[in-house]
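First comes the structure, then the notes that go with it.
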Amino acid sequence: MSGSSGNEDFVPIGELVCSLEPGLASSADISDPATGGSRVLTGECSTCIFRPGNLMALRSGRVKDLVQAALADETFIVCHQTLDRGKDGPLPAVCGGFARRYDTAALRLMRALGRAVDVDPGDLEGP
């Protein structure tokens with residue numbers, strides 16, 4: 001790229017794109033405002049898509065599609081309990097179920113740089 005600084009494609013780890021469906025991506029900023037690291041649940045939330053019993057009533061094959069898209073993009077799945085809550089609830093975080101089962105470039109980078117900020121899934125529950 002002639003005349004380019006080379007930083008046009010730089011994306012902070014916390015702003016990596018999280019694939020929600022094959023061919024459709026949505027960004028969720030998992031950056032921790034206090035540390036600048038990336039928030040990752042230390043375990044499964046109470047209705048994690050990886051728990052037995054289809055607690056989220058997802059269509060057949062939906063979890064497989066989510067996982068395949070995240071793996072293909074080398075990213076992660078954001079915990080559904082943390083989406084769209086920020087101001088009045090927990091900040092977005094990487095799904096603990098996904099992070100415990102899969103290894104992607106984004107997760108390896110967070111860990112290698114010491115930028116993964118542990119979030120207890122119990123903190124997602126209301127008082």
Item to check | residue 117 long-range amide H proximity, modeled H, under 5 Å | outcome: 38, 39, 40
Checklist outcome for this item: Each label sits 7 Å from Cα toward the beta-carbon; between residue 100 and residue 62 the label points are separated, in nm, by 2.1
Item to check | Relative packing of peptides 106-115, 33-42 - highest average C-beta neighbours within 10 Å first | outcome: 33-42, 106-115
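To make sure I understand, if each residue's beta carbon is the centre and we count other beta carbons within 10 Å, what order do 95, 79 fall in, fewest to most?
95, 79
Bear in mind that the values in this text are calculations on the coordinates, not laboratory data. Just so you know, these numbers come straight off a predicted model, no measurement behind them. Heads up, the Cβs are rebuilt from the backbone with ideal geometry, glycines too, and the neighbour counts pull from every protein chain shown.
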